[in-house]
């Protein structure tokens with residue numbers, strides 16, 4: 001059965017790679033953007049339905065999630081195509097991990113990390129601020145505890161980007177999504193969102209940046225309730241959760257100072273004030 005699951009998932013992946021094209025057209029002069037998906041959509045849908053039938057006993061939550069995304073596909077094919085492809089990647093990766101745990105394949109994965117940061121590179125000032133002030137100074141985590149593609153060493157040249165993303169998500173305990181207008185427009189971010197949604201055992205925390213509303217998050221806010229990145233109470237809840245999860249002794253004076261410094265970064269960014277990217 002396990003081999004059948006992986007074979008069916010690989011069929012879906014190969015079909016999408018060869019038969020489906022996601023197109024994004026930007027008119028810089030008009031300031032407009034158009035997206036489309038071309039190819040044998042019906043054939044792809046048939047393969048996905050076969051995959052759903054194959055995984056329903058072993059991965060019931062992923063099967064349900066895949067079904068829900070497929071139901072929403074026509075409302076935004078470009079967005080949901082990326083999410084579906086990421087869910088398929090997760091299934092392939094999970095089946096490979098099953099082979100690894102069974103001792104059939106040597107484990108070539110990297111060391112475990114605690115946090116995966118899913119974000120748009122356009123929001124790097126806020127994301128870098130969160131990593132520095134909240135995760136590192138406030139919570140006391142190290143660079144080695146955090147996977148963030150803003151780090152130029154996170155993914156090596158020549159690595160398959162999507163496979164590397166799934167691999168790193170699987171090794172993390174928490175997946176933090178930094179949702180913004182930039183995030184919602186990014187195909188890569190949609191892929192990360194889809195992969196995160198399909199991983200059953202991870203704690204997924206969507207943080208909403210100031211330029212977007214909860215309603216704009218769409219289905220994501222229904223599945224994983226978002227928290228405003230400017231909500232200090234939500235940041236406190238996050239700190240309590242990670243302290244309990246990792247049995248860390250809380251240091252509220254230190255965290256509160258870091259929280260205020262992070263809030264200051266957001267306020268400066270919102271006002272359009274220049275901020276040193278390395279601050």
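Quick note: the coordinates plus some simple rules give every number you see, no bench work behind them. All of these numbers come straight from a predicted model, not from anything done at the bench. Every residue, glycine as well, gets a Cβ built from its backbone with ideal geometry; the counts of neighbours run over all protein chains shown.
Tabulated results
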quantity	calculated
Listed peptides 163-172, 36-45, 80-89 by packing density, highest first (mean Cβ within 10 Å)	80-89, 163-172, 36-45
Segment 226-258 residues near the modelled residue 144 label - backbone nitrogen below 20 Å, point 7 Å along Cα→Cβ	246-249
Per-residue Cβ neighbour rank within 10 angstrom, fewest leading, 79, 52	52, 79
Two-decimal log10 I(q)/I(0) for segment 2-101, as the Debye equation yields it once each C-alpha is a single scatterer, q = 0.14, 0.21 Å⁻¹	-0.54, -1.04
Rough spin-label spacing in nm, given labels placed 7 Å along Cα→Cβ, for residue 74 and residue 3	3.9
Nitroxide proxy distance, nm - points 7 Å out along Cα→Cβ at residue 247 and residue 18	5.2
For segment 1-53 versus segment 236-269, the gap between their alpha-carbon centres in whole angstrom	40
Förster radius 51 Å - calculated FRET efficiency between residue 29 and residue 240, Cβ distance, rounded to 0.05	0.55
Mean Cβ neighbour count within 10 Å, used as a protection proxy, ranking 64-72, 121-129 highest first	121-129, 64-72
Ranked list, fewest to most other Cβ atoms within 10 Å of each Cβ, for 190, 119	190, 119
Sequence of 249, 22 once ranked by neighbouring C-beta atoms within 10 Å, starting from the fewest	249, 22
Estimated FRET transfer efficiency (residue 201, residue 268; beta-carbon r; R0 51 Å; 0.05)	0.85
